[in-house]
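S.K.: Could you have a look at this structure, given as structure tokens, before my questions?
The values are calculated or read from the model by the stated rules, or taken from the named source; none is laboratory data. Note that the coordinates shown come from a computational prediction; the quantities given were computed from them, not determined experimentally. Every residue, glycine as well, gets a Cβ built from its backbone with ideal geometry; the counts of neighbours run over all protein chains shown.
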Amino acid sequence: MRFNWPNGFKGAVSLTFDDGLPSQLDLGLPLLEEFGFKATFYVNPGDNYENILKKWRKVAERGHEIGNHSVTHPCSCNFSGDPCCRGLENMTLEDIRLDIVEAHERIRRFIPDGSRTFAYPCYQTSVGRGLNKRSYVPIVAELFLAARASGEKGYSNSPLACDLHELWSWSADRMRCEEMIGLTIKTVYEGRWAIFTFHGINEGHLPVSSEDLSGFLKFLDKHRGEIWVAPVVEVAGHIIGERKRLELVF
């Protein structure tokens, strides 16, 4: 069974940025536009979301995808050590649904074509504990075209087999451009889809250096005839179309 990437491309890469950090606007966006690449930015429209989303609306108008990363960015209580925190262990499926839907509605007020794909905060996909733990992937699947989670180093997304609502990605935090390039070469050789997750650029506790990001973009630019660099929503849409052509139903 042969999967066809568009325009003769051999594989795909999506560049995703989480949490709407200032360095993404100040450093990441100019670098992307220097090379003419479009990315996916997953934002949290929490407090003061009107002013936040006005900035990201301008980014969307330049052709980038603005995705949903929830309102409150709920993660495991294990991060804080507080068993009573408003973390995933203490949330229900209805709690997480309300949070995601509120983010969706806020984004859509300012960016009508936004919030089509989702990124799981902290890459975590369940609520509750132990016997009461429940995946919220089905909720996300009802609401979005695709969603990005985490994955294993060296294994990218098979366009024929991957779960579009729990896509594998690689954290690029503190990753050197040589490693990004190596992972991409393997991805293209296998005809797959690589998703890289970035946070701060030269800032924060999960940074990538502007030099490493720039070096990776230079590589992608040099090989733009082989590698399709596109937002998550575009690649997911193509995969859905190809699966229909091949009569793959999941």
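S.K.: Of all residues in the stretch 27-72, count the ones that are in contact (Cβ under 8 Å) with a residue 24 or more places away in the chain and not in a loop (DSSP other than H, G, I, E, B).
M.R.: Final tally of qualifying residues: 26.
S.K.: Here's another thing I want to ask about it. Those residues that are without any contact (Cβ under 8 Å) to a residue 40 or more places away in the chain and under 18 Å from His73 (Cα atoms), I need them from the stretch 128-137; list them, please.
M.R.: Ser135, Val137, listed by residue number.
S.K.: Next question, about the same structure. Can you tell me which residue in the stretch 13-42 is farthest from Val188 (Cα to Cα), limited to those that are touching an Asp or Glu at 6+ places or on another chain (Cβ under 9 Å), buried (at least 21 other Cβ atoms within 10 Å of the Cβ) and small (Gly, Ala, Ser)?
M.R.: Applying the filter and picking the extreme gives Ala39.
S.K.: Only one residue in Leu183, Leu164 is crowded, with 16+ Cβ neighbours inside 10 Å and more than 16 Å from the chain's Cα centre (by Cα). Which one?
M.R.: Leu183
S.K.: Here's another thing I want to ask about it. Let me confirm something: among Gly46, Gly114, Gly67, Gly63, which residue is exposed (fewer than 15 other Cβ atoms within 10 Å of the Cβ) and not β-branched (Val, Ile, Thr)?
M.R.: Gly63
S.K.: Okay, next question. Of all residues in the stretch 186-206, which are on the phi < 0 side of the Ramachandran plot and either surrounded by fewer than 19 Cβ atoms within 10 Å (Cβ to Cβ) or part of a helix (DSSP H, G or I) (or both)?
M.R.: Listed by number, the residues that qualify are Lys186, Thr187, Val188, Tyr189, Glu190, Glu203, His205, Leu206.
S.K.: Also, I was wondering about something else. Does Thr92 satisfy the criteria of being polar (S, T, N, Q) and buried (at least 16 other Cβ atoms within 10 Å of the Cβ)?
M.R.: It is false that Thr92 is polar (S, T, N, Q) and buried (at least 16 other Cβ atoms within 10 Å of the Cβ).
S.K.: For Ala161, all conditions in the list (1) in contact with an Asp or Glu (Cβ under 9 Å, 6 or more places away or on another chain); (2) of a type outside the set (D, E, K, R); (3) at pLDDT 95 or above hold save one; what is the number of the exception?
M.R.: Unmet for Ala161, out of (1) in contact with an Asp or Glu (Cβ under 9 Å, 6 or more places away or on another chain); (2) of a type outside the set (D, E, K, R); (3) at pLDDT 95 or above: (1).
S.K.: Of all residues being part of a loop (DSSP other than H, G, I, E, B) and among the charged types (D, E, K, R) in the stretch 213-247, which is surrounded by the fewest Cβ atoms within 10 Å (Cβ to Cβ)? Just the residue, please.
M.R.: That would be Glu247.
S.K.: Against the conditions (1) more than 23 Å from Ala172 (Cβ to Cβ); (2) exposed (fewer than 14 other Cβ atoms within 10 Å of the Cβ); (3) in contact (Cβ under 8 Å) with a residue 12 or more places away in the chain; (4) over 20 Å from the mean Cα position of the chain (by Cα), where does Ser80 fall short? Just the number, please.
M.R.: The number of the failed condition is (3).
S.K.: Is there a residue in the stretch 53-69 that is more than 24 Å from Phe198 (Cβ to Cβ) and not hydroxyl-bearing (Ser, Thr, Tyr)?
M.R.: No, that holds for no residue.
S.K.: Still on this model: What do you reckon, is Ile139 buried (at least 16 other Cβ atoms within 10 Å of the Cβ), of a type in the set (A, V, I, L, M, F, W, C), at pLDDT 95 or above and part of a strand (DSSP E or B)?
M.R.: Spelling it out, it is not the case that Ile139 is buried (at least 16 other Cβ atoms within 10 Å of the Cβ), of a type in the set (A, V, I, L, M, F, W, C), at pLDDT 95 or above and part of a strand (DSSP E or B).
S.K.: Being within 15 Å of the chain's Cα centre (by Cα) and exposed (fewer than 15 other Cβ atoms within 10 Å of the Cβ) is the filter here; which residues of the stretch 123-136 pass it?
M.R.: Those that are within 15 Å of the chain's Cα centre (by Cα) and exposed (fewer than 15 other Cβ atoms within 10 Å of the Cβ): none in the stretch 123-136.
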